[in-house]
Amino acid sequence: MFAIDFVKTGIEVSGFDLSDGMIEEAKQNAAKENVKCNFFVGDMTSTITEEKYDLITCNYDAINHLDGLNNWGKFFTNAYKMLNDGGLFLFDFNTLRKYEWFITIPPREEKTADYTCIQALKKVDDNHIEFIDEFTINNETERHTVQEVFYPNDSVFNLLEEKGFNIKQIFNADFNPVTDVDNERRLFVLCKK
């Protein structure tokens, strides 16, 4: 999302995603804007490039899709290794407070003459939910399930520090600095190597 805007300001950008389809879409978007970005398929728990960066971002609570705090740690380690000395790491995550809000959302159904869409959340355990989208078109049903896992804020912050990061600032979803992180549903964390 930010990659194209960054390139237009003269910043060199690389980006990766687990999905071939998302990488192809990113490449198409860059081509439409006539900008050059280095996009490739990669898993945030195992991808480490030889190239070093001044800034690494992880947006749209992508980290919440990693199952297990150990996988968050693998990603933090990889980000740290790919940063230049003094480089910045900015990511966001949904908090346990957001989890508590999510589990109160009732299922939603939308019907038209052409299709039916059912969206629901399933509580898997005390920090894990599944988003379920079920589409029926012409009597054929397709079901997609995506997981999100949530951890206590202190566990995330301690893990960052354990991996070598210095937390510089924590922001809320409106990108205002916060000190009372336990009342926020989504946090942005800016760290320095």
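Laboratory data are not the source of any read-out in this text; all were calculated from the coordinates shown. Keep in mind that this is a model prediction, so the values were computed, not measured. Cβ coordinates were reconstructed from backbone atoms using ideal geometry, including for glycine residues, and neighbour counts include every protein chain displayed.
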With the contact rule set at Cα under 8 Å and sequence spacing of 6 or more, what percent relative contact order holds for the range 54-119?
37 percent
Could you compute the net charge surrounding Gly73? Neighbours are other residues with a C-beta less than 11 Å from the C-beta of Gly73; K and R count +1, D and E count -1.
+1
With a/c under 1.5 counting as rounded, go ahead and sort the range 51-91 into rounded, prolate or oblate using the C-alpha gyration tensor (a ≥ b ≥ c being the square roots of the eigenvalues; past the cut-off, prolate if a/b is larger than b/c, else oblate).
oblate
Gyration tensor verdict on the range 8-119 (Cα atoms; rounded if a/c is under 1.5, prolate if a/b is larger than b/c, oblate otherwise)
oblate
Of the listed pairs Lys74/Lys98; Lys36/Lys81; Lys32/Lys193; Lys27/Lys98; Lys122/Lys168; Lys98/Lys163, which have alpha-carbon separations greater than 28 Å here?
Lys32/Lys193; Lys27/Lys98; Lys122/Lys168
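Tally Lys/Arg at +1 and Asp/Glu at -1 over every other residue whose Cβ is under 14 Å from the Cβ of Ser19; what's the total?
Taking every Cβ under 14 Å from that of Ser19, the sum is -4.
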Neighbourhood charge, 9 Å Cβ-Cβ cut-off, centred on Gly86 and excluding it, Lys, Arg +1 and Asp, Glu -1:
0
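Assuming a ≥ b ≥ c are the square roots of the Cα gyration tensor eigenvalues, decide whether the range 56-193 counts as rounded (a/c under 1.5), prolate (otherwise, with a/b larger than b/c) or oblate.
Since a/c reaches 1.5 and a/b is larger than b/c, the shape of the range 56-193 is classed as prolate.
What dipole magnitude, in Debye to the nearest 20, does the range 92-191 give about its Cα centre under +1 on Lys/Arg Cβ and -1 on Asp/Glu Cβ?
So the dipole magnitude of the range 92-191 works out to roughly 140 debye.
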For the ranges 68-77, 11-20, what's the packing order if you count other beta-carbon atoms within 10 Å of each residue, average per peptide, and put the highest first?
68-77, 11-20
How would you order 40-49, 176-185 from highest to lowest mean count of nearby Cβ atoms within 10 Å?
40-49, 176-185
